[in-house]
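What follows is calculated from the coordinates using simple rules that are stated; it is not laboratory data. Quick caveat, the model's predicted, so the values are computed rather than measured. Positions of Cβ are generated from backbone atoms using ideal geometry, with glycine treated the same way; all protein chains shown enter the neighbour counts.
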Amino acid sequence: MPLSLRPDSPSPLPPQRRHHPGTIAASTAFLIGFAIAGGTVPAQAAAPAVKPGVQAPASPPPAPAQQNPFGSNTYVFDPSMPVAQIQATVDAIAAQQVDDEMGTKRYSLLFKPGTYGTPEEPLIVQVGYSTEVAGLGAAPTDVTINGHVDVYNRCLTADNCIALNNFWRSLSNLTINVTGLEGCRSSANFWAASQASPMRRVNITGGNLSLMDYCTAGPQYASGGFIADSKTGAVINGSQQQYLVRDSSIGSWSNGVWNQVFSGVTGAPADSFPVPPYTVLDTTPISREKPYLTVDPAGQYSVFVPSVRQDSAGTTWENGPTQGRSIPLAEFYIAKPGDSVQAINSQLARGKNLILTPGVYDIDRSIEVKRAGTVVLGLGMATLTAVNGSVPLTVADVPGVDIAAVTVDAGEVNSPALMRVGKASPGAGGGPASSAVHSDPANPTTLHDVFFRIGGPHVGKASVSLEVNSDNVLLDHIWAWRADHGNGVGWDTNTGRNGVIVNGNNVTATGLFVEHYQQYNVIWTGENGRTVFFQNELPYDAPNQAAWQHDGVLGWAGYKVADPVETHELWGGGSYVYNNVDPTIHATRGFEVPVTPGVKLHSLLTVNLGAGTLDHVVNDTGAPVSTDAVGIPSYVADFG
C-alpha cells in the first residue's frame, strides 16, 4: 500500500525500518505488509540522478590543481565559472555517488563567495553518498545558490522509494534560494536523508525545506537527521522518524513520527510530547559550532573555529559575525590518503592542526592529538579505517580540541576502541581518567559530526566505538553504527560490544545516534552527564535469547546510566526493537538508570519495528511494545 504524504497532509505514518537492498531475510525499513519484489531499478526511474537535459560525463572531470590545495577529489567553484560547467561537474559526481552506499570515493564540493545560478539558469546539485557541499564564506549569506541542493529517495524497486539508507553526506555554510525544476520537484529544496547527513549553517530562502521526498512513489520513509545553526522558512518533516534541530531559526514545522527534539530553536513548535512527539528546550546547555573552511578575496584559505556558547539559542550569524578564531591554512598539515600515521603525528607534534582531505585512510596506529586547541577537520566525509586492531584516533586530556567531520571504520582485526578521548583510568570503564583535571568547562574538547561504522563497507570488529574518559567534553552529533546491512554483516562477523562509553564528568551530548551494538549501546559512568536527543535501535541479529541476555536480564538496554551515578539528565530518547532473526526474543528495557533524585529522563519512548518484544521503556516502567502493535510507541514523559 504505497503512501504519499504531501506538504498539506502532515499525518502520522506507519512504522518503518531500514531496508537491505537486494535481500529479504534481513530486510528493514519497508512499509509493514508491503512485499518487496526483489531486484532493483536505478533511483532515477522515479527521481532523476542528474538534472534533466544535462548530459553528465562518464566520470567527474579532475579538479584543477591550481584551484585548491586539497587534492583531486575536492572541487572549488568560483562564481565566474559558467553555470553549465559547474552543472556538468556536479551531475557527474551525483551520477557516480547516488547509489554508491558502501563505496570508497569521497568528494568535497566547495563554493567561493558569490552567487551561482539564476532563475533562468538555476544550479541544481544532487548530493549522493560520501559527498560534502559547503560554502567558503565567513557567513552563510556569502554564498548563494539560486536553484536546489537536493537529496532524493533511493528507489529500490519502482514503487519502493525510501530515504532510510541515505547516510554519509553533508551540507553547510551557504544560502539556497529555492528556484528551478518543474512540477513536484519545484515545491521545495529536498533533503531526504537519514543518519550521518548533517545540515549546518544553511540559509533557506524563497521556498520550503522538505526532509522527505514526497515526489516519488511510496513509502517515502526517512530515519532521522540533524540541523544546527541554520535558518529556514517552512520545514516539511513528513516521514522522519526522529530529528534534532539545534540553535536555529525555523518558520514552521509539519509532522512528527516518534521523536522530534528542538533545542534553542526560534520558531519551534510548542512542547507537546508525546502527541505530537515534540520535545522543546528553550536553550541548549552548551554548544560549539563545527569549524569550517573560508577563503578571502585574495584566495587565502583559513579555518574558522566558532566560540563556545552557554545556554544558547538561535544562529551564530544572523545578528552579526560568528564569534570565534580564524586559523590560517599555513598552520595545518594537509593530509592525503596514503600519508603515513607517522608523518601525520610528526606534524601534530610540531604544533600543526590537521585537515584530512577526501578519501579513505588506512590507520595502523593511533593518530595522536596531544596539544590543547588542536583542530582536526575532515573534508568530503574523510574516513579512517583501523588496520591490525589499531585505535585510529586518540585525544589527550587537554581542553579545546575540535574533531570535525571524520568517519572511523573498524577493520578486520578487533580494535579495543575506534576513538578515545582522554586516557582510560586503571580498569577502563570504571570512571573518569585521573588526568582529566586538565580539561576546561569553558573550553570543552568537542566532536562534531563524528561517525563510526563496524561492518557495512567491509568486515569490521571493535569492542567499543567511542570511549570518552576526559571531563568537559561536548559530543555534537555522533552516529555510532554496528552495520545491519552491507558487507561483512552478522552476529559473529561484525562484532561490537558497546557504541559509546562516557567515563568523564560534565560531558554533554547534543545528538547521539547509536545503533545495533551487542550489549549496552551506551554506558554512562561519569557524573553530570547531559544528553539532548538520543536515538537507538537494538541489534536486529541476535541468534536467540541465550545469546542476548545477562545477569537474569533479557537483552541489553540501549542506554545505561551506571548504578553509582548521582546526577544525569536526558531529553528526548527513543529505543527501537526488531529481532528479525529470532522474533521470540525479549529485551527487558530500553533505558536502564539508577533511581535517585539527580537522575532525570524526559520524553522517552520505545517502538516495535516488526519483530521481538521490548518489555519496558525505562527500568520496570512503561508498557511493552510487541508485534501486537507494530510502530505504536510506548511513552514515558518523565522519569526520576
Item checked: Amide H contacts of residue 487 (H built 1.01 Å from N, under 5 Å, at least 5 apart or other chain) -> 456, 458
Next item on the list: Using DSSP, restrict attention to beta bridges with both residues in region 543-640 and report what percent are antiparallel, rounded to the nearest 5.
Entry: 40 percent
Margin query: Sort 497, 200 by Cβ crowding within 10 Å, fewest neighbours at the top.
Written below: 497, 200
Check: In whole Å, what are the Cα extents of the chain along the three principal axes, biggest one first?
Finding: 67, 59, 45
Margin query: Can you tell me what share of the DSSP beta bridges in the chain is antiparallel? A percent to the nearest 5 is fine.
Written below: 15 percent
Notebook entry, point to check: Got a sec to turn the phi values of region 207-220 into Karplus ³J(HN,Hα) couplings, 6.51 cos²θ - 1.76 cosθ + 1.60 with θ = phi - 60°, whole Hz, x for Gly and Pro?
Noted result: x, 7, 10, 10, 8, 9, 9, 8, 8, 9, 4, x, x, 6
Item checked: Phi to ³J(HN,Hα) by Karplus 6.51 cos²θ - 1.76 cosθ + 1.60 over region 571-580, Hz, x for Gly, Pro -> 10, x, x, x, 10, 10, 10, 7, 8, 7
Check: Which whole-Hz couplings ³J(HN,Hα) result when phi for each residue of region 550-559 is put into the Karplus expression 6.51 cos²θ - 1.76 cosθ + 1.60, θ = phi - 60°, listed in order with x for Gly and Pro?
Finding: 7, 6, x, 9, 7, x, 9, 5, x, 9
Margin query: Just want the ordering: 148, 586, from fewest to most Cβ atoms lying within 10 Å of their own Cβ.
Written below: 586, 148
Check: When the Cα centres of region 326-343 and region 203-268 are compared, how far apart do they sit, in Å?
Finding: 36 Å
Note to self: Report, to one decimal in Å, the Kirkwood hydrodynamic radius for region 268-325 based on all distinct Cα pairs.
What the structure shows: 13.9 Å
Checklist line | Residues whose placed amide H lies under 5 Å from that of residue 232, excluding near-sequence neighbours | finding: 204, 249, 250, 251
Check: Considering only Cα-Cα distances, which of the following residue pairs are longer than 31 Å: 290/423; 105/423; 423/560; 336/423?
Finding: 105/423
Next item on the list: Please label the shape of region 43-286 as rounded, prolate or oblate, based on the square roots a ≥ b ≥ c of the eigenvalues of the alpha-carbon gyration tensor (a/c under 1.5 means rounded; beyond that, a/b larger than b/c means prolate, else oblate).
Entry: prolate
